[in-house]
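The structure appears below as structure tokens.
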Amino acid sequence: MNVKIEESWKQQLQVEFDKPYFQQLTESVRREYANGRCFPPGQLIFNAFNLCPFDQVKVVIIGQDPYHEPGQAHGLSFSVQDGVPFPPSLVNIFKEIELDLGSPQPASGNLSRWASQGVLLLNATLTVRAHQANSHSTLGWQSFTDAAIRALATRRQHLVYMLWGGYARSKAYMIDRQQNLVLESVHPSPLSANRGGWFGQHQFSRCNDYLRQNGQTPIEW
């Protein structure tokens, strides 16, 4: 299949594109987009990969599925487009960054600036029906995104995996903790974060410390 995705990722994931499940997934996604409003816009479905080539990944942040209200999702987990109010989880992410690093809350919730530094902002499911969270979770996306995680886990070392919440933490079995740093916590959503286990974990400074220790430039969060 001729999938429009960044070339290094295309090379890593070509075997997935050739599998029957991906053909079925493509047909299902096209049908969903044709029959009603879905997010993100079609040209941004693979945005996380396109903004962060395989060999440039330093950090992996795994989300569940895209935001499902108009104007929010643009293919990066937890990120919203410029000018869009911050969703509660993103508010808590920025609060923790300020507590950890002293960086004030930014003007925009667009995390493309992270992606360009090597942060793969990967949702396990890459599309969603408007107003219906997890509505595309059974289409087959997880087979594809798990393959992306396995490719990194197999062929890259000294990455930082930030696994927030039970769903993201369920991916930890694919990662070699001897060769990478795995930072696990509760989800930054208010329901989880306010119970404890999100604030004060210093994940962002710990991430940067690990990158420095392995000869890499830290992320400007």
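See the values below:
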| item | result |
| --- | --- |
| Within segment 110-133, tally of residues that are within 10 Å of Pro66 (Cβ to Cβ) and not in a strand (DSSP E or B) | 4 |
| For Gly166: the one exception among (1) under 23 Å from Leu25 (Cβ atoms); (2) in a helix (DSSP H, G or I); (3) touching a residue at least 12 places away in the same chain (Cβ under 8 Å) | (1) |
| Helices (runs of 4 or more DSSP H) within segment 1-109 that include 1 or more residues closer than 29 Å to Gly215 by Cα, open to solvent by less than 50 Å² (accessible area, probe 1.4 Å) and basic (Lys, Arg) | 7-17 |
| Per-region count, segment 96-116, residues more than 14 Å from the chain's Cα centre (by Cα) and in contact (Cβ under 8 Å) with a residue 60 or more places away in the chain | 6 |
| Residue check, Ile175 open to solvent by less than 60 Å² (accessible area, probe 1.4 Å) and under 25 Å from His68 (Cα atoms) | no |
| Check on Leu191, farther than 17 Å from Val59 by Cβ and at pLDDT below 95 | yes |
| Candidates Thr127, Thr145 - the one that is in contact with a Ser or Thr (Cβ under 8 Å, 6 or more places away or on another chain), touching a residue at least 12 places away in the same chain (Cβ under 8 Å) and not aromatic (Phe, Trp, Tyr) | Thr145 |
| Residue that is farthest from the chain's Cα centre (by Cα), among those in segment 206-221 that are among the polar types (S, T, N, Q) and buried (at least 16 other Cβ atoms within 10 Å of the Cβ) | Gln216 |
| Test: residue in segment 157-164 that is over 16 Å from the mean Cα position of the chain (by Cα), within 27 Å of His202 (Cα to Cα) and either of a type in the set (D, E, K, R) or surrounded by fewer than 20 Cβ atoms within 10 Å (Cβ to Cβ) (or both) | yes |
| Matching residues in segment 113-128 - criterion: being of a type in the set (Val, Ile, Thr) and surrounded by fewer than 22 Cβ atoms within 10 Å (Cβ to Cβ) | Thr125 |
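The values are calculated or read from the model by the stated rules, or taken from the named source; none is laboratory data. No experiment lies behind these values; they were computed from the predicted model shown. No Cβ is skipped: glycine too gets one built from the backbone with ideal geometry, and neighbour counts run over all protein chains shown. Keep in mind that these areas ignore ligands, DNA and RNA; they rest on the heavy atoms of the full protein, side chains included. Shrake-Rupley method; radii C 1.70, N 1.55, O 1.52, S 1.80 Å.
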